[in-house]
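Please treat every number below as a calculation from the coordinates, not as lab data. What you see is a predicted model, and the numbers here were worked out from it, not measured in a lab. Note that each Cβ is placed from the backbone with ideal geometry, even for glycine, and that neighbours are counted across all protein chains shown.
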Amino acid sequence: MSHLSDKSIKKQIRSLIFSSLVLTVGMIVFIILYYWNNSIKETMVYTQQETTQAVLQKIKTFIDIPLAINEQNRYFIENGLINIKDVNNDAKFFGSVMRSADDSVYSFSFGTADGEYYGVRSIYDQLEFMESNKYTGGKSTYYMLDDGLQIGRVAKYLKKFDPRTRDWYKAAVENKKPVFSDIYRHFVMNDLAISASYPIYNNKKELTGVLGTHITLYKLNNELQEIVKSRYAKAYIFEKNTGYLVANSDNKPNFTVDAAGVFHRISAKEIKDDTIKTAYINYQNNADDTVNTLVGIRDFYVKVSEYKNSGIDWILITAVPESPYVMAIKKSIWVSAVILLIILFIVVFFSSHKIDNCLQPIYQLIDISEKFSNGDFSKRAHTSQKNEIGVLGIAFNNMADHLETLINRLEHKVKERTIELEQQNIALATTKEKLENLLQIDFLTGLYNRRFLIEKLEASIEKFAKSNTVFAVFMLDIDFFKHINDKYGHDCGDFALKEAASIFKKCLQDYGYAARWGGEEFLVLLPQSDEQFAVNIAENIRREIENYKFLCEDLEMKITLTIGVAVYDYWMSVDEIVKHADIAVYAGKQNGRNRVELYK
């Protein structure tokens with residue numbers, strides 16, 4: 001190391017460390033500013049989410065009122081504790097519920113499956129009993145109720161009314177569970193209304209009627225205003241399916257009625273608030289529930305939430321603005337960030353220039369190393385530099401010389417080993433082929449063995465299960481084979497088996513597989529064959545055997561076959577179809593031998 005000059009990498013690294021320290025300080029400052037900005041965002045997001053949760057809870061509380069009224073009072077009607085035909089009892093029952101109900105509840109009623117209607121409504125702080133049945137001629141009749149909930153004088157007669165025609169009644173019957181109706185215009189008050197209905201069944205599961213609690217939505221506007229007031233936020237509720245406005249915190253109308261009395265509900269696209277409108281359109285187009293949108297000079301944090309409950313499907317949009325204080329802090333953060341980025345850019349620029357100069361010789365050494373590793377063993381490093389890189393180059397060249405010698409020796413050794421392995425692989429392949437043939441072929445006849453044919457039968461059964469491809473098998477048994485062995489000797493018996501096997505192959509060609517099943521029994525598989533085709537093939541084989549001259553040592557033997565044919569049917573196993581073929585062979589033996597017998 002004594003020959004190193006003043007251009008030592010150590011000094012260059014010191015310069016690099018200085019630059020890195022500057023960069024590190026800048027990064028630390030940047031991180032501080034980054035998390036400062038994030039903390040502001042997290043605060044705003046929390047405020048926005050907390051506002052949304054508060055509004056959703058208020059909606060739930062508001063909507064739960066009619067549901068709770070229905071749930072708390074259905075028991076009396078379901079179990080016959082209230083005689084719905086007794087109007088005096090009805091007035092007290094429905095009136096007591098309305099007297100204790102929230103002021104958003106307009107009426108509480110029951111429509112029977114026969115079309116009768118009973119209930120109590122609250123209009124201008126006065127309770128009125130409602131009745132529509134055969135005694136009123138099907139017309140709606142309203143009676144004043146006194147403080148004791150006693151029926152008084154008639155307050156109003158209206159036209160005929162059948163609750164079964166109302167949407168709230170139909171919805172309950174159709175859904176067979178508590179459900180809300182669609183929003184509708186109240187026919188007395190200048191407001192929107194919605195009805196919570198509950199189907200009532202007797203102990204025979206028969207519909208007796210529908211219990212309904214009907215509420216107006218004006219109070220929901222007031223509830224929204226109260227929640228968002230202290231948060232400087234705003235909240236709008238829309239119907240998801242129609243986009244119509246349900247309620248809002250800006251005291252804007254949810255509907256209009258023109259001079260001609262035409263009722264018109266306000267849609268999301270008609271509202272004047274650009275923040276809410278933009279959030280709604282983005283949600284409809286992208287189903288994005290969090291939208292940060294800039295309107296004018298104020299940055300809003302907007303949240304779109306869905307509210308579903310018993311048939312209600314609403315969209316809630318809440319928008320929380322950043323306060324001027326937060327906006328000032330945010331502006332200072334961005335100014336500081338821009339200045340910091342400029343400083344960091346300058347530091348990075350000079351540091352990069354210095355690092356490139358320092359690393360250029362190393363890049364050259366890397367390039368030589370890559371060429372060496374790719375097989376160009378003639379490459380060597382430049383060693384003219386009097387620094388650590390020059391020493392590294394000398395070490396590399398020494399290593400390269402040793403590696404080149406070792407690699408040349410290794411290549412020669414690898415060639416020798418490769419030749420040996422190729423010879424061994426050829427021998428192994430030859431041995432494997434012989435073993436596979438031994439595992440599949442019967443050594444005496446040259447036909448397939450029993451194991452091979454069982455595998456083919458299993459494959460045919462699987463194919464039948466997938467594509468209903470019909471196949472057939474037939475068992476072939478040489479008639480009086482024991483007599484042949486006894487008369488001509490076992491050598492002639494083996495000769496007969498070999499010759500018969502040759503005839504089988506010739507007759508089958510590519511139609512199927514023939515295997516020696518055992519002794520003088522053979523089994524043939526026709527993978528694609530119906531009953532008639534299998535019988536024809538079997539008959540052809542039988543004739544060929546019958547007409548063939550079996551000459552063994554100048555001795556002519558007369559040989560015949562009995563063949564049993566079986567066609568595969570659903571759910572059969574290998575053993576079952578083979579058994580059917582064997583049964584057919586037995587039947588052929590009983591019927592005189594030298595014949596083809598089809599399993600029935």
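Computed from phi, the 3J(HN,Hα) profile of segment 63-68 under the Karplus parametrisation 6.51, -1.76, 1.60 (θ = phi - 60°) reads 6, 5, 4, x, 4, 5 Hz, with x in place of Gly and Pro.
Starting from the Cα-Cα distance between Phe533 and Lys589, subtract it from 0.36 nm times their residue separation and give me the gain in nm to one decimal. Could the numbers behind the result be given before it?
On the way: separation 56, 0.36 × 56 = 20.16 nm, distance 2.20 nm.
Additional length available on full extension: 18.0 nm.
Between the helical axis of 531-547 and the longest alpha-carbon principal axis of the chain there is an angle of about 10 degrees.
Taking amide H as placed 1.01 Å from N in the peptide plane, the amide H of Leu127 sits under 5 Å from that of Leu145, each at least 5 places away or on another chain. The slack in the chain from Glu50 to Trp36, taken as 0.36 nm per residue of separation less the alpha-carbon distance, amounts to 2.9 nm. When Kirkwood radius over Cα pairs in Å is calculated for this entry, the matching label among (1) 36.5; (2) 27.7; (3) 24.6 is (1).
Divide by every residue of the chain the summed helix terms, -39500 (n - 2.57) for each DSSP H run of at least 4, and state the resulting mean residue ellipticity at 222 nm, rounded to the nearest 500 deg cm²/dmol.
Numbers: 12 runs with 300 residues, N = 600.
Result for the chain: -17500 deg cm²/dmol, rounded to the nearest 500.
Close amide H contacts of Ile200 (hydrogens built in the peptide plane, cut-off under 5 Å, sequence separation of 5 or more or a different chain): Thr208, Gly209, Val210, Leu211.
Tell me, in nm to one decimal, what length is gained between Glu455 and Ser467 on full extension, where the rule is 0.36 nm per residue of separation less the Cα-Cα distance? Let's see the in-between values first.
Values: separation 12, 0.36 × 12 = 4.32 nm, distance 1.84 nm.
Between Glu455 and Ser467, full extension yields 2.5 nm more.
Students often get this wrong, so check it: of Lys252/Lys272; Lys177/Lys308; Lys205/Lys308; Lys234/Lys277; Lys85/Lys205; Lys85/Lys139, which have C-alpha atoms separated by over 18 Å? The pairs that break the limit, which is 18 Å between Cα atoms, are Lys205/Lys308; Lys85/Lys205. Taking the C-alpha atoms only, the angle from helix 87-100 to the longest principal axis of the chain is near 90 degrees. May I ask for the angle, rounded to the nearest 10°, between helix 324-373 and the longest principal axis of the chain, with both axes built from Cα atoms and the value confined to 0 to 90°? The two axes meet at around 20 degrees. Per-residue Karplus couplings for segment 125-130, computed as 6.51 cos²θ - 1.76 cosθ + 1.60 with θ equal to phi - 60°, are listed in order as 6, 10, 8, 10, 8, 10 Hz, Gly and Pro entered as x. Of the peptides 230-237, 315-322, 483-490, 172-179, the ranking by mean beta-carbon count within 10 Å, highest at the top, reads 315-322, 230-237, 172-179, 483-490. Site pair Met572 and Glu521 shows an inter-label distance of 1.6 nm when each label is modelled 7 Å from Cα along Cα→Cβ. Each DSSP beta bridge with both residues in the chain is either parallel or antiparallel, and the antiparallel ones are about 95%.
Per-residue Karplus couplings for segment 174-187, computed as 6.51 cos²θ - 1.76 cosθ + 1.60 with θ equal to phi - 60°, are listed in order as 5, 7, 6, 6, x, 7, 9, 7, 5, 5, 9, 7, 5, 7 Hz, Gly and Pro entered as x.
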